[in-house]
1. Based on the Kirkwood radius over alpha-carbon pairs, what is the Stokes-Einstein translational diffusion coefficient of the stretch 180-258 at 25 °C with 0.890 mPa s viscosity, in µm²/s?
2. What base-10 log of the normalised intensity I(q)/I(0) is obtained for the stretch 31-122 from the Debye formula, alpha carbons as equal point scatterers, at q = 0.12, 0.14, 0.15 Å⁻¹?
3. Sequence-distant or interchain residues sharing an amide H contact under 5 Å with residue 48, placed H: which?
4. List every residue whose amide H lies under 5 Å from the amide H of residue 27, counting only residues 5 or more places away in sequence or on a different chain, with H placed 1.01 Å from N in the peptide plane.
5. Who wins for biggest fluctuation among 170, 116, 126 in a Gaussian network model of the chain, springs between alpha carbons below 10 Å?
6. Counting Lys and Arg as +1 and Asp and Glu as -1, what is the net charge of the other residues whose Cβ lies under 13 Å from the Cβ of residue 129?
7. I'd like the antiparallel share, as a percent to the nearest 5, of DSSP beta bridges with both residues in the stretch 15-256.
8. Go through the stretch 226-233 residue by residue and turn each phi into a ³J(HN,Hα) via Karplus (6.51, -1.76, 1.60, θ = phi - 60°); whole Hz please, and just put x for glycine and proline.
Amino acid sequence: MPDRHDDGSAGDADYGAIGTGYTRYRQPDPQIAAFIRAALGEARTVLNVGAGAGSYEPVDRAVTAVEPSASMRAQRPAHLPAAVDAVAEALPFADGSFEASMATFTVHQWPDLEAGLAEMRRVTRGPVLILTCDPAALDRSWLAAYAPDMIAVEARRYPTMAAVVEGLGGAARIVPVPIPLHCTDGFSEAYYGRPERLLDPGARLANSAWSFVDPAVGRRFVDELGHDLETGAWDRRYGHLRTQPQFEGSLRLVVDGA
């Protein structure tokens, strides 16, 4: 059983410390959700592992959510089922209990990726979906120029696509997921065309990588980005992104068994 933080968080990020107000910035994006719905197919019973506050849980299916963080469980809206307090590496369900399972923005926090993916595969009869980021593609974002330390942290935390595919048995397919300009799910790349949003400390806090760098990194980022926005330097280099409908960044949906 992985070590857990005071609020139950089982990964490297302590959501008891950083998870307050998470849902103000991280709401499921309809375009991203469409990829998940399509991959779920006709499955009626769905397990959501590392479910957090419930983003991307389909409301038209029977969903069982697993979330170890008490802070995140408390932020789940009333229309979603209460989450089971458990971790990916030890799912309290019998073999083949679900027609499909999903995990969104969570595998990079699992202490034992291989064990967690094996557990998802064990309890699932049909497709297993993993929404994550490809660490090899994180440098596509302008954030790599302004916050290289944060991007380096992200690249170390996210498992490679090969590791995820192998953990699911070796036959999974990788689907690139374009990020829409007005993405409502505020992970860092979601603001590719709205840089001002990342001057908000709450927006940065909703991305756990910022909690792993020295606070001075965040202050320097705000100073440099704020200066370049004020002088127009950011727009001279990246201004075309403000009207670019989609960004082909690092977001990936790994699908096994569909």
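Rule-based calculations on the coordinates, nothing more; no lab input. Quick caveat: nothing in here was measured; it's all calculated off a predicted structure. Cβ: placed from backbone, ideal geometry, glycine included. Neighbour counts: every protein chain shown.
1. 176
2. Results for the stretch 31-122 at q = 0.12, 0.14, 0.15 Å⁻¹ read -0.33, -0.45, -0.52.
3. 64, 65, 66, 102
4. 185, 186
5. Greatest mean-square fluctuation among the candidates belongs to 170.
6. So the environment of residue 129 carries a net charge of +2.
7. 50
8. x, 4, 5, 6, 5, 8, x, 5
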